[in-house]
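Below is one structure, written out as structure tokens, with a few remarks after it.
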Amino acid sequence: MIGQSSLTGRAKAALVFGSGAEARAVIVTIVVQSRVRGSGDRVRFTGRGTFEDQTARHILDTVLPTVDRICSGVGLRRRRFEISAANTAATAAADLGMAISGFSADVAILAAMLSAALGVPVPQDVVFTGHLASVEGQFALVRGIPAKLAAAESDESIRVFIYPTFRTDGSLRALSPGELQRASEAVSSFSGNIRLTAVGNVAELAPHVFSDEAVVLAGLRRGFFGLSWETTDERDGVEQTREFLLKSNDSRFWAVLERRLLSGDNDRARALLTARMRYHARRRAYPSGLGGRLGQLIGSLPSSTRRLKVKFPLLGMKDCIRFGQFAGKGDHEDVRLLIDAAQGRSPESQTPVMALRAERSVKGLRPESAAFETVVSEISADTVARKIGLPIDTARASYHMDRVTAETYDEFNEAVSSYYLHLLRHTRSIGAGVEPHVVSAEALDLLERTFAKDGGQAAALAEARDGMHGGLRFVLDALTERFKTEQQVKHVQWVLKEALDSADWPARVAFTAALLERLAPHLPADVRAKPPERLAKHYDLIARAYVRSIDTVRALLRAL
């Protein structure tokens, strides 16, 4: 694996110093520096602050093995660590010692060590308290929560206070009932400006500390971006953390890049693209479809964003050409798409793949068979909503426009086409390349179908110009609902086609009869009345009627 020789992690801890009337809770910064090479102990404690023997042994026996397990799980070598606690104005003013004892700093030390090992920064507006109770990554509550909350609230740099979940075995063993009650009351009655977040283990901690962008960049720079993972039934917090660091990093990359481009943060967008190219260049392998996907992303941005916010080129021409040397014959066209997209030019010719992709269903056709239940499950309202509806709704929610009206037809056409491409990208209904005039034609066809009862494209254009019902926002909302319905129908049709087309006639009829009986509550009377022999040939009628029914039910539920 590729990795920096020296990395530094920082995390803030809420600790109690002193005793009795002199006891005060303060915010301390844990600083961890990591290296691959070196000699002697793997953990050294440095700086003016000291760690008492029991605390130091616990770090060696529990915190370090937890960090090692996570790092080895993502393919990283063990590192050596130097740990220090930075003095604060609060402790100096109170003349309190910096001898760190107990286990209150465990979670902060764990976060800082992981930060230094993985190369993922910890936000500096977060403060931690808590005990790492096991090498499986479980946390336990510690004393002094009320005082630590007060210290965090008085520090203007703190926005988030992270503490262990109350009802864990470790917390119950470590704290007296009275201490647990006081901590619970302090948290439940807290009304300050910082956010309180309870976590039970390192896996629950990771998403709050390590952002998607930080994980993607660390994966690209440290080499674990493209590693695969295996999910097991019994997973402790460490295994779940490994999954968090490895799972869906390609999807994370495109989602983060899209957010940066939409916000006009060109420097971070370039950093992401540069890190991605260098990651693959180190492996001397060109990632198939990279240029096409970047072209899709650029093309799906609102036109005003492309013109006013995105500063091209996103990648240097020389860098693209050098990177292209790793492309095989089948990727040469994609290198051209990469160069065009990075320079802000539209791709010239690719054939979009518009077919909806879904998993093939089992083809045993007896009504009492497992295959029948598989088909029913695959077209259930919950499955259709999860596989089809949710990605489309998420795509709509993530799309932001700078304006809600369009003054000219060209502006209107560009807005609709860009959004349609955005829908295709987020529902994976398109291939690596895209031809702009094809997408535009399909977008306008969908628009015509959406507003067919109200006057078609002309009515949609009038709404976009006048904004009587919300302008472009109203148009795109209606377009989304039509697109969702059509994709749901396609999905149901596809499942039924896979189940029925290769079967003999008696099996098809028997299967269709059983399906009609199962779906009867969701089908109108005229469809239920048709003989199975007819619907076995025309299962598209079942698909359309069924989707209309479940859409109607959802609309009624939303209106309640």
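Pick from region 409-442 the residues that are among the charged types (D, E, K, R) and modelled with pLDDT of 85 or more: which of them is most open to solvent (accessible area, probe 1.4 Å)?
As a first pass, look at region 409-442 and keep what is among the charged types (D, E, K, R): 410-411, 414, 425, 428, 435, 442.
Okay, now just the ones that are also modelled with pLDDT of 85 or more, so 410-411, 414, 425, 442.
On the way: D410: 114, E411: 66, E414: 65, R425: 40, E442: 49 Å².
Result: D410.
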Give the residue, chosen from E156, E239, that is open to solvent by 30 Å² or more (accessible area, probe 1.4 Å), modelled with pLDDT under 95 and in a loop (DSSP other than H, G, I, E, B).
E156
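Yes/no matrix, rows are residues, columns are (1) without any contact (Cβ under 8 Å) to a residue 60 or more places away in the chain; (2) assigned to a helix (DSSP H, G or I); (3) touching a Lys or Arg at 6+ places or on another chain (Cβ under 7 Å); (4) under 30 Å from A520 (Cα atoms):
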position	(1), (2), (3), (4)
D393	no, yes, no, yes
H400	no, no, no, no
D410	yes, yes, no, no
L424	no, yes, no, no
H469	yes, no, no, no
Residue that is modelled with the lowest pLDDT, among those in region 159-183 that are among the aliphatic types (A, V, I, L, M) and outside any loop (DSSP other than H, G, I, E, B)
L172
Enumeration of residues in region 261-273 that are farther than 14 Å from F312 by Cβ, open to solvent by 40 Å² or more (accessible area, probe 1.4 Å) and either part of a helix (DSSP H, G or I) or of a type in the set (S, T, Y) (or both):
S263, R268
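Whether any residue in region 223-233 is in contact with a Ser or Thr (Cβ under 9 Å, 6 or more places away or on another chain), open to solvent by 20 Å² or more (accessible area, probe 1.4 Å) and modelled with pLDDT under 95 is what I want to check.
In the first step, residues of region 223-233 are kept if they are in contact with a Ser or Thr (Cβ under 9 Å, 6 or more places away or on another chain); the result is none.
No, every residue in region 223-233 fails to be in contact with a Ser or Thr (Cβ under 9 Å, 6 or more places away or on another chain), open to solvent by 20 Å² or more (accessible area, probe 1.4 Å) and modelled with pLDDT under 95.
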Where residues in region 30-49 are open to solvent by less than 30 Å² (accessible area, probe 1.4 Å) and of a type outside the set (A, V, I, L, M, F, W, C), which of them is modelled with the highest pLDDT?
S34
May I ask you to list the residues in region 131-148 that are without any contact (Cβ under 8 Å) to a residue 60 or more places away in the chain and open to solvent by less than 10 Å² (accessible area, probe 1.4 Å)?
A140, L141, I145
Here are the criteria: (1) at pLDDT below 95; (2) closer than 29 Å to I70 by Cα; (3) open to solvent by 10 Å² or more (accessible area, probe 1.4 Å); (4) of a type in the set (S, T, Y). Tell me which single one S191 does not satisfy.
(2)
Criterion: modelled with pLDDT of 60 or more and either in contact with a helix residue (DSSP H, G or I) (Cβ under 7 Å, 6 or more places away or on another chain) or hydroxyl-bearing (S, T, Y) (or both) - qualifying residue of S300, S349
S300
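Looking at L446, L479, L516 in this structure, which one is in contact (Cβ under 8 Å) with a residue 60 or more places away in the chain and open to solvent by less than 30 Å² (accessible area, probe 1.4 Å)?
The conditions single out L479.
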Mind checking whether some residue in region 532-540 is within 27 Å of D393 (Cβ to Cβ), at pLDDT below 85 and of a type in the set (S, T, Y)?
yes
Of (1) under 18 Å from V127 (Cα atoms); (2) modelled with pLDDT under 95; (3) surrounded by 20 or more Cβ atoms within 10 Å (Cβ to Cβ), R24 satisfies all except one. Which?
(3)
What pairs can you find where one residue is in region 264-284 and on the phi > 0 side of the Ramachandran plot, the other is surrounded by 15 or more Cβ atoms within 10 Å (Cβ to Cβ), and their Cβ atoms are less than 8 Å apart, with a gap of 6+ or different chains?
G264/T305; G264/K309; G264/V310; R284/F326
Would region 487-508 turn up any residue that is modelled with pLDDT of 85 or more, open to solvent by less than 30 Å² (accessible area, probe 1.4 Å) and under 30 Å from V335 (Cβ atoms)?
no
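On the phi > 0 side of the Ramachandran plot and not aliphatic (A, V, I, L, M): is that true of G200 in this structure?
For G200, the condition - on the phi > 0 side of the Ramachandran plot and not aliphatic (A, V, I, L, M) - is not met.
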Only one of (1) outside any helix (DSSP H, G or I); (2) aliphatic (A, V, I, L, M); (3) open to solvent by less than 20 Å² (accessible area, probe 1.4 Å) fails for A285. Which number is that?
(3)
Does region 223-235 contain at least one residue that is assigned to a helix (DSSP H, G or I), in contact (Cβ under 8 Å) with a residue 24 or more places away in the chain, more than 30 Å from T165 (Cβ to Cβ) and among the small types (G, A, S)?
no
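Every residue in region 292-312 that is over 25 Å from the mean Cα position of the chain (by Cα) and among the hydrophobic types (A, V, I, L, M, F, W, C), please. Talk me through it step by step, then tell me what you get.
Here is the first cut: in region 292-312, the ones over 25 Å from the mean Cα position of the chain (by Cα) are 303-304, 307-308, 311-312.
Of everything in region 292-312, those that are over 25 Å from the mean Cα position of the chain (by Cα) and among the hydrophobic types (A, V, I, L, M, F, W, C) turn out to be L308, F312.
The values are calculated or read from the model by the stated rules, or taken from the named source; none is laboratory data. Note that the coordinates shown come from a computational prediction; the quantities given were computed from them, not determined experimentally. Every residue, glycine as well, gets a Cβ built from its backbone with ideal geometry; the counts of neighbours run over all protein chains shown. The area values use the complete protein model at the heavy-atom level, side chains included, leaving out ligands, DNA and RNA. Shrake-Rupley method; radii C 1.70, N 1.55, O 1.52, S 1.80 Å.
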